[in-house]
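Working notes, beginning with the structure itself.
The values are calculated or read from the model by the stated rules, or taken from the named source; none is laboratory data. Quick caveat: nothing in here was measured; it's all calculated off a predicted structure. We place every Cβ from the backbone using ideal geometry, glycine too, and count neighbours over all the protein chains shown.
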Amino acid sequence: MNNQLSNRVNQMATSATLAMAAKARELRESGKDIIGLSLGEPDFTVPEFIKEAAKDAITQDYHSYTPVDGYGELKQAIITKFNRDNGLTYEPSQIVVSNGAKQTLSNLAMVLLNPGDEVLLPAPYWVSYSDISKVAGGVPVVIKTSIDNDFKVTPAELEAAITPKTKMLIYSSPCNPSGSVYSKEELRGLADVLAKYPQIIIVSDEIYEHINFVGGHASIASFDDMYDRTVVVNGISKAFSMTGWRIGYMGGPSWIARACNKMQGQVTSGANCIAQRATITALTNSPERIKFMIDAFKERRQIILGLIKDIPGFIANEPEGAFYVFPDISSYFGKTLNGVTINSASDFSLYLLEYANVATVTGEAFGDPNCIRISYAASTEDIIEAMKRIKNAVISS
Ligand code: PMP
Ligand code: GLU
């Protein structure tokens with residue numbers, strides 16, 4: 001009865017990251033020894049001090065519906081965090097807590113986009129930006145970037161994509177999937193262009209803020225002329241290894257926050273009470289307490305980059321943040337490996353799944369058809385073994 005589904009969902013792509021993770025899980029359950037490097041999910045357990053806060057919340061009998069936009073105490077913790085880490089000042093009316101940053105992004109698209117509004121997506125972009133925009137009636141406008149410029153959009157490229165219909169710009173820094181980090185100067189270059197087009201709302205996804213190997217995270221919202229038109233998106237999934245706890249949040253203009261609150265109030269209500277209480281503890285503690293995870297990612301990045309260099313046909317830039325590498329593998333297009341003809345990054349990613357038993361994600365899902373994404377949020381042993389398998393699968397064919 002597929003024909004009874006709405007056009008909305010029929011036209012929507014399945015999340016490629018989640019689909020690949022599900023496929024890897026299925027193959028593993030059927031007995032295959034799959035190494036999963038598809039999902040952007042830290043492999044650490046939740047830090048003990050945060051778990052304790054969650055247990056306390058249960059003991060203290062937190063159980064009721066929460067305020068739609070988050071507990072007041074959590075909003076204060078978020079305000080303190082924005083001030084401490086980003087030099088940004090917000091009032092509680094400018095903060096909304098949601099069920100993951102994904103819902104924050106979805107709220108923003110739903111409350112800001114009208115049918116036909118264009119959404120600028122410098123590619124590679126995070127997989128869900130495009131479909132979240134489309135569901136809300138927006139039209140994604142993909143801006144191609146190049147590996148030579150570290151996959152970062154230049155002011156000229158940004159300006160060339162702007163039309164009278166442009167309503168929103170969405171990007172992440174550190175970037176999922178390229179790992180690129182925009183410096184303050186680079187953001188100022190983009191802000192100079194945006195200053196000429198006041199109708200554009202900027203959605204700055206900073207969920208990988210702490211996973212930055214070059215230091216000095218910069219937010220475009222810290223420029224006075226951008227503050228009033230920027231929404232900063234963040235969450236606890238990545239920095240605190242709390243993907244399943246589903247807490248994300250935004251700071252931005254109060255007229256947007258009010259609308260997100262209204263939208264969320266009809267769709268999901270407020271986020272889980274125990275997870276919110278734990279997030280207060282996560283955010284009010286010093287980021288020093290999670291530095292061990294960042295250090296581990298940094299070490300793994302060096303390991304994976306060293307190994308990727310030895311795989312023929314892989315060209316990778318050096319990611320400065322997040323936990324992904326995004327090699328260009330287009331040199332394999334048109335070639336046949338183990339009898340399989342590779343015509344696209346999807347073919348290549350599926351080939352790796354079958355012949356190397358390693359799960360990656362096709363770059364097509366991120367708007368770059370020449371690359372694949374490899375997550376190194378995995379153990380060092382898995383990373384080393386996966387790279388060995390990939391190398392064997394591409395050379396011994
Ligand atoms: N933005 C980016 C760039 C991401 O990689 C992710 C992945 N989880 C999200 C948003 C959504 O995060 P959450 O788990 O908070 O929904
Ligand atoms: N953000 C992660 C990723 O890119 C998790 C999966 C998802 O939320 O789509 O792999």
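General remarks:
- Evaluation of E299 against (1) modelled with pLDDT of 95 or more; (2) surrounded by 16 or more Cβ atoms within 10 Å (Cβ to Cβ) (one fails), failing number: (2)
- First in the stretch 14-39 and more than 18 Å from D382 (Cα to Cα), second anywhere and of a type in the set (S, T, Y) and assigned to a helix (DSSP H, G or I), Cβ under 8 Å, 6 or more apart: S15/S128
- Subset of the stretch 77-115 that is surrounded by 16 or more Cβ atoms within 10 Å (Cβ to Cβ) and under 17 Å from N285 (Cβ atoms) - its residue that is farthest from ligand 2 (Cβ to nearest atom): I79
- Close pairs from the stretch 231-246: first at positive phi, partner more than 13 Å from ligand 2 (Cβ to nearest atom), Cβ under 6 Å, at least 6 apart: S241/F44; S241/V46
- The residue that is surrounded by the fewest Cβ atoms within 10 Å (Cβ to Cβ), among those in the stretch 377-397 that are in contact with an Asp or Glu (Cβ under 9 Å, 6 or more places away or on another chain) and part of a loop (DSSP other than H, G, I, E, B), is S379.
- Every test in (1) away from ligand 1 (no atom under 16 Å from the Cβ); (2) under 27 Å from P140 (Cα atoms) is passed by L105 save one, and that test is (1).
- Of the residues making up the stretch 209-258, those that are within 16 Å of ligand 2 (Cβ to nearest atom) and either in contact with a Cys (Cβ under 9 Å, 6 or more places away or on another chain) or of a type in the set (K, R) (or both) number 2.
- Of all the numbered requirements in (1) of a type outside the set (D, E, K, R); (2) more than 16 Å from ligand 2 (Cβ to nearest atom); (3) surrounded by 20 or more Cβ atoms within 10 Å (Cβ to Cβ); (4) free of Cβ contacts under 8 Å to residues at least 60 places away in the same chain, Y171 misses one, and that requirement is (2).
- All conditions but one from (1) at pLDDT 90 or above; (2) loosely packed, with under 13 Cβ neighbours inside 10 Å; (3) more than 18 Å from the chain's Cα centre (by Cα) apply to T14; the one that does not is (3).
- Taking the criterion of being of a type outside the set (G, A, S) and crowded, with 21+ Cβ neighbours inside 10 Å, the residues of the stretch 122-142 that qualify are P122, P124, Y125, W126, V127, Y129, I132.
- Unique match (being assigned to a loop (DSSP other than H, G, I, E, B) and of a type in the set (A, V, I, L, M)) among I294, I311, I304: I311
- Any hit, the stretch 110-124, residues being part of a helix (DSSP H, G or I), modelled with pLDDT of 95 or more and in contact with a Ser or Thr (Cβ under 7 Å, 6 or more places away or on another chain): no
- Condition broken by R289, with the remaining ones in (1) surrounded by fewer than 16 Cβ atoms within 10 Å (Cβ to Cβ); (2) at pLDDT 95 or above satisfied: (2)
- Remark: D192 matches the filter, which requires a residue to be of a type in the set (D, E), away from ligand 1 (no atom under 16 Å from the Cβ) and under 21 Å from P253 (Cα atoms).
- Residue count for the stretch 23-51, restricted to those that are surrounded by 13 or more Cβ atoms within 10 Å (Cβ to Cβ), away from ligand 2 (no atom under 11 Å from the Cβ) and outside any loop (DSSP other than H, G, I, E, B): 8.
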